[in-house]
Amino acid sequence: MELYLIRHGQSANNLRKQALVEHPHTSPAAAAPRMADPPLTDLGEMQARLAGELLKDEGITRLYCGPMLRTLQTAQIIGTLLDLSPHVFVGLHEWGGVWEPRDAGPSVQLTGMTREEIGERFPRFVLPADVTDQGWWFHGWDGDEAMLDLAHRSALSFIAHLEAHHAESEQRVAAILHGGSGSSLVGALFGVPQDVRYARFTHDNTGITRISMDSEGRRLRYLNRIEHVIDSATRS
């Protein structure tokens, strides 16, 4: 099996973060507000199309994505170009889940898009049972270490799913995910310990990583391939 990991295109929160970096004297309060489940920007949609065009010649047979809006939108664009119906896998969500900041007190955890909401906006998608009528994110915030432990367990769950359904075949599988969850997945695939300080295997927007998985083991073919978007803003 060949596994392709693709980070989502630029999101509204990525654009906000980029603006704060480029204008360091702007206070976060004066910048565009952070969104709990941000959509792609126009640039992010273009990046997704460019990634899909690059992947058209790879012979991909199955497309997975996480349940967050930016990965759903990226998968919709790429899935259309590849003529594939994306399969949602909840464990591909980003570190920390869906949360909304508050001016006073701790942030508020939200449940994410419901099964009906995803079905209406993305009718071609295949939804698992853990995308429910109430949403899919039902965890609280218990600190960085607990968050990374959940990310690691989610990565192992996705690896087990791949091995159960695709490992003994010539299939080429792609997964649309995030900077943090993508790092956790690469680390879990190769037994690299997690670090609470940063994402060890970083991906730019729509950066592509390819990993071979067969009876001889797992081999990293390339990490964070971005030539398809080299002339656009790629950083988060």
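The values are calculated or read from the model by the stated rules, or taken from the named source; none is laboratory data. Given the structure is predicted, the values throughout are model-derived calculations rather than measurements. Every residue, glycine as well, gets a Cβ built from its backbone with ideal geometry; the counts of neighbours run over all protein chains shown. Surface areas here come from the heavy atoms of the whole protein model, side chains and all, with no ligands, DNA or RNA. Shrake-Rupley method; radii C 1.70, N 1.55, O 1.52, S 1.80 Å.
Below, the figures for the structure above:
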read-out: Matching residues, segment 186-206, being charged (D, E, K, R) and touching a Lys or Arg at 6+ places or on another chain (Cβ under 9 Å); value: Asp204
read-out: Contacts under 6 angstrom Cβ, first residue in segment 53-66 being under 18 Å from Phe125 (Cβ atoms) and part of a loop (DSSP other than H, G, I, E, B), partner of a type in the set (A, V, I, L, M) and open to solvent by less than 10 Å² (accessible area, probe 1.4 Å), 6 or more apart; value: Ile60/Ala174; Gly66/Leu92; Gly66/Leu177
read-out: Residues located in segment 95-108, provided they are surrounded by fewer than 20 Cβ atoms within 10 Å (Cβ to Cβ) and either in a loop (DSSP other than H, G, I, E, B) or under 19 Å from the mean Cα position of the chain (by Cα) (or both); value: Trp95, Gly96, Trp99, Glu100, Pro101, Arg102, Asp103, Ala104, Gly105, Pro106, Ser107
read-out: Counted residues, segment 152-166 - those being buried (at least 18 other Cβ atoms within 10 Å of the Cβ) and at pLDDT 95 or above; value: 5
read-out: Test: residue in segment 167-185 that is surrounded by fewer than 16 Cβ atoms within 10 Å (Cβ to Cβ), in contact with a helix residue (DSSP H, G or I) (Cβ under 8 Å, 6 or more places away or on another chain), among the small types (Gly, Ala, Ser) and modelled with pLDDT of 95 or more; value: no
read-out: Some residue of segment 191-200 being exposed (fewer than 14 other Cβ atoms within 10 Å of the Cβ) and in contact with a Phe, Trp or Tyr (Cβ under 9 Å, 6 or more places away or on another chain); value: yes
read-out: Members of segment 126-151 that are of a type in the set (S, T, N, Q) and open to solvent by 40 Å² or more (accessible area, probe 1.4 Å); value: Gln134
